[in-house]
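One structure is given here, and the rest of the page talks about it.
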Amino acid sequence: MALPIKYNVRNVFIRWRSTIATIVGVALVVAVYVLVQALAVGLESSSANTGAPGNLLVMRKGSTAESSSQVKLDQLRTIQYLDGVAKDTEGKPLVSGDVLILINLPRRENKGEANILIRGIGANGIKLRPQVALMGGRWFRPGLREVAISKRLSARFANTGIGEKFKTGGHEMTVVGQFDAGSSAFDSEIWMDGDEARSIFDRENYSSVLLTTTSDLAATNLINRIEKDKTLSLKIVPEIGFYKTQTKTAGPIKFMGAFLATAMSIGAIFAAMNTMYASVGARTREVGTLRVLGFRRRTILVSFLLEGAFLALVGGVLGCLLAMPMNGLATGTLSFDNFSEVVFEFRITPRLWMNGLLFSVIVGLIGSLLPAIRAARLPVIASLKSI
């Protein structure tokens, strides 16, 4: 014979003074767990949101990131006239030779400095990235040392507002526009003309080449053509797939979140255990009565485990609610791919909610296990004689 669930729920709320500390403790643990994991989810979402269908990215064979790749000028000339490469309305190949430059800029409010990526793009570089939209000002013009910057990045660094100027490598750059990249990896970049960037920063080669194709079949043929050409020594991958693999930075954050949650959960387990022991002590006669009424030891054991799990679940819901105001908040961290500033948002997804609630229930079950065993083993006569 099983005890009704409402019996456990009633006991939790009747003894609210002894359980509120446990609920708050579990809530704080779950909030920290959810927030740290939301950082990792935000980073992964930023990479997953980057790229357009049909776009292909060309890099040096063996390179794992654009920053470590080099594509020569003659290679770019060969690539842009291959069969399958799409053309614009003027008949020019939809190809962009990109060059990535790492610079250092001061943060706003004198909060130190950080590295930022400047991406020099070709004439069709903006067309190939439809997810990027100009939010203010205008796009840069070649030869005038003008740049456009992500609006989110501009909010974090000094002298990067529209009309402002910043110095890097002995050159003064003028910010003429701000763009929004739709929560993609491009939100962490400054853009300027590619050939001008190569000239200013003394780069002989491009870092990568971005192109789009006329069809899926053309893309497949183009990939086979470039991969098999030993004279080019290049690799070509779908742009979307490439950025989905660029999630190394999320790994350490996930580990840190799991470590913090584990460390803090030990305290929450002891808090739950203390609360449940106090509950067992206060309900000794009640437990004896249940035994006399015919409830078995395992029924009482399961009942106390459910009570502890429910107690922690309430804390888990509270913890998730405490974390929700951070959802969508922009922040930044260091990329382990190129050691530059990465701008992204906290992403608290439904799956993360479920993980937080599951985590809280596990804490509650572990914390209530020993008290539940003690309650189930209480002698009937001794229990009924207790005051």
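Scanning segment 139-184 for residues that are among the hydrophobic types (A, V, I, L, M, F, W, C) and surrounded by 23 or more Cβ atoms within 10 Å (Cβ to Cβ) yields F140, V147, A148, I149, L153, M173, F179, A181. Considering the conditions (1) modelled with pLDDT under 90; (2) buried (at least 23 other Cβ atoms within 10 Å of the Cβ), L211 is excluded by exactly one of them, (1). Here S67 passes the criteria (1) among the hydroxyl-bearing types (S, T, Y); (2) closer than 23 Å to V147 by Cα; (3) over 24 Å from the mean Cα position of the chain (by Cα); (4) assigned to a helix (DSSP H, G or I) except the one numbered (3). With the structure loaded, tell me whether A38 is at pLDDT 70 or above, under 30 Å from V302 (Cα atoms), part of a helix (DSSP H, G or I) and not aromatic (F, W, Y) or whether it fails that test. Answer is no for this residue.
Listed by first and then second residue, the pairs with beta-carbon distance under 6 Å, at least 6 apart or on different chains, first residue in segment 117-144 and touching a residue at least 24 places away in the same chain (Cβ under 8 Å), second part of a loop (DSSP other than H, G, I, E, B) and hydroxyl-bearing (S, T, Y), are L117/S340; Q131/S184.
Within segment 158-183, the set of residues being at negative phi and not in a strand (DSSP E or B) comprises A158, T160, G161, I162, E164, A181. Within segment 337-348, restricting attention to residues that are surrounded by 15 or more Cβ atoms within 10 Å (Cβ to Cβ) and of a type outside the set (D, E, K, R), the residue that is modelled with the lowest pLDDT is N338. Checked across segment 251-263, the condition of being out of contact with any helix residue (DSSP H, G or I) (no Cβ under 9 Å at 6 or more places or on another chain), free of Cβ contacts under 8 Å to residues at least 24 places away in the same chain, at positive phi and surrounded by fewer than 22 Cβ atoms within 10 Å (Cβ to Cβ) holds for no residue.
Restricted to segment 354-383, and to residues there that are more than 17 Å from L305 (Cβ to Cβ) and crowded, with 19+ Cβ neighbours inside 10 Å, the residue that is modelled with the lowest pLDDT is S383.
Buried (at least 17 other Cβ atoms within 10 Å of the Cβ), outside any strand (DSSP E or B) and among the β-branched types (V, I, T): is that true of T50 in this structure? When the stated conditions are applied, T50 passes them. Looking at N205, N104, N124, N115, just one residue is loosely packed, with under 14 Cβ neighbours inside 10 Å and not assigned by TED's automatic domain parsing to the domain that holds V342, and that residue is N104.
The values are calculated or read from the model by the stated rules, or taken from the named source; none is laboratory data. Computed from a predicted structure; not experimentally measured. Cβ atoms come from the backbone with ideal geometry, glycine included; neighbour counts cover every protein chain shown.
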